[in-house]
Each structure stands twice: as C-alpha cells, then as structure tokens.
1. Give, in nm to one decimal, the length gained when the segment between Glu180 and Asp248 is fully stretched (0.36 nm per residue of separation minus the Cα-Cα distance).
2. If R₀ is 45 angstrom, what is the calculated FRET efficiency for the pair Arg127 and Asp50, using the beta carbon separation as r and rounding to 0.05?
3. Can you tell me which lysines have their Cα less than 24 Å from the Cα of Lys184? Leave out same-chain residues fewer than eight positions away.
4. Between beta-carbons, use under 12 Å as the cut-off and find the net charge around Asp179, counting Lys and Arg +1, Asp and Glu -1.
5. Keeping the other protein chains in place, figure out the carbon and sulfur percent of the accessible area of segment 70-123, with a 1.4 Å probe.
6. Subtracting the Cα-Cα distance from 0.36 nm times the residue separation, let me have the gained length for Gln116 to Met147 in nm, one decimal.
7. Suppose every K and R has +1 on its Cβ and every D and E has -1 on its Cβ; what is the size of the dipole of segment 145-299 about the Cα centre, in Debye to the nearest 20?
8. Sticking with the crude label model, points 7 Å out along Cα→Cβ, report the distance from Asn219 to Gln255 in nm, one decimal please.
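The values are calculated or read from the model by the stated rules, or taken from the named source; none is laboratory data. Just so it is clear, the model here is predicted, and its values are computed rather than measured. All Cβ positions, even for glycine, are placed from backbone atoms using ideal geometry, and neighbour counts span all protein chains on display. For accessibility, only protein heavy atoms count, side chains too; no ligands or nucleic acids. Shrake-Rupley method; radii C 1.70, N 1.55, O 1.52, S 1.80 Å.
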Amino acid sequence: MSLSVEPTTSCNLRCPECPSGLRSFTRPTGMLNPERLSNLLSGPEGLARDLVYLNLYFQGEPYLNPGMDELVSIGKREGLYVSTSTNAHHINPERAERIVLSGIDRLIISIDGADQASYASYRVGGRLEKVLEATSHILEARKRLRMGSPHVVWQFLVVGPNEHQLPTMRAMARRWGVDEFVVKTAQLDDPRDGHPLLTEDPRLRRYDRDPSGRWTLRNPMLDRCWRMWQGAVLTWDGQVVPCCFDKDAQHGMGQASDGAEFREIWQSERYQQFRASVFTHRAGIEMCQNCTEGTEVWA
C-alpha cells in the first residue's frame, strides 16, 4: 500500500551517521528521472491502483533534484498521499510557493537543535537559520495561497549534544506554528561507551547495555516484520529493495522500469525467500539490526 522512491542520493550536508553525508555508498549516485516514476505509477499495470501512500524520500536531499515538484505532481495526479523529508536548505520564498502549489501532503523538516552549535553537532555543514527561514517561507506561502497542505512536521533527531534541548524544541514548535513535532532516535553504526551521539536518557536512544556490558538494540528482535508486505523502496535508478534500512541496497530484489516489472519482482521467488528469512532468523539480516520498531519517541 506504500512505496518510498528516492529522488536522489546527493546531499549538501555531511551528517556523521548517514551514507549520503559520509559519501560512503557503494551503489551508484544520481537523480530520479520523473519519467521513471510516471512509468511505475501510471497505466493498466501501474502501481497507483494499489497504493495509498508515496514517500518521495530514501537517501539524500530530495530538493536537490530539479524535478522534485514534478515528482510530487505525478503522485498527486494518481490520487496518492505524497510526503518527503528535507533538510530545508534549498527552500527560498519562490521555491516554497512551488512546493505548496505542487500539492505535497506532508513535508518533514529536519531541525535538530535550538541553536547553531547543537544543530551542527549532527547536521554538519548546515545552518539552523536556513531551516527556520524555510519553515517561515512554507507556512507563509501556504497561508497566502489558502492551501490546506502541506502538513508541516518538525522532526528532531535527538543525540547527545542536543538532548537537553528537547523541552525548548517542543516550545519552539508551538511558537512557530508547525503542525506536528516528532522526536526521532538516532541510528548509530557503532554504539559504545563514550560515543558522542549516544544520549544519556535511555528513552531517547535505540540502544541499551546488556548484562555483559555490550550495547545492543533496545527492542526485541522478533522473527516478524509487517514492512515486508506493507511496502517497498525504489532507488533513484530503479532497484527494488525491501526496506528503508537497506540504505546501500545490499538486498536488491531486481530492477523495475515500470509497474509490470515491479509486480514480477514483488511476487518473485527471490523476494518470497527473503520474506521467509525474516520469519526464521531476522537477527541475522544486517539491515534489521538497527530497526526502529519499538524504539521511537513521538511528541
């Protein structure tokens, strides 16, 4: 019922736990061609007939793709609820108006600190003032154009250097008039004692120490996963991967250029075998070892 599609792997920031920021992908980098998305969604075999939700985000900064508003329009033309997530550094007043007019339903803006020092502790190379300006531009454009969307979300990635600012951020969200404030825990590739991004408050992290002193994922690793049937992810160049945690597309299920090819991949023996492995030994699948299920904080 949902599909995440990657507009681009490119990003203007250098976030320390992100493959886009680290420039650590082994897969190709590039930009999604709107024609690919149209071919996937439209026509008798198009995916739009089964979908409810289109998330135009996977890795990278979506608004670096010059065709991003067209991608949104393609989804809206097919009657889908469309969302994306952005670091908001490329949203000026003119771009904000185009974003609102594109009809996007949900716009998640990453804002990870109440001051520049805390913000830049994770959003390396970013400027908090740009995020605040972009928020203002979007809200003003929405009001001026008398549009009901997008639903504007501030997403706060909580890490060690900014966790003390959580009450301040909640108050800021109310003051700025965004529609929703969400707290997201950080994925760490190597959680350990002294890790600079590990929070002191255990409720604000994905990891706890086990009796032996080893840092492990806080939620239980059960042999099940609703994501394997609810949706999938498509990279900018058409690879189908089973989950948004497969950031480097290590579990590619096949290449889809249109809806018919996607349906063949979705029902393929390879995909079915992968789903079966989730039922038998999910802990052995690397991408599952940092899953957020059961660890998120919503506010």
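1. On the way: separation 68, 0.36 × 68 = 24.48 nm, distance 2.99 nm.
So the chain would gain 21.5 nm between Glu180 and Asp248.
2. Values: r = 41 Å, r/R0 = 0.91.
The formula returns an efficiency of 0.65 here.
3. Filter leaves Lys130, Lys247.
4. Working: positive: Arg106, Arg142, Arg174; negative: Asp105, Glu180.
Taking every other residue near Asp179 into account, the sum is +1.
5. On the way: 890 of 1840 Å².
Here it works out to 48 percent.
6. On the way: separation 31, 0.36 × 31 = 11.16 nm, distance 3.13 nm.
Here the segment from Gln116 to Met147 would lengthen by 8.0 nm.
7. Working: 19 positive and 21 negative charges, 112 e Å.
My answer is approximately 540 debye.
8. 3.4 nm
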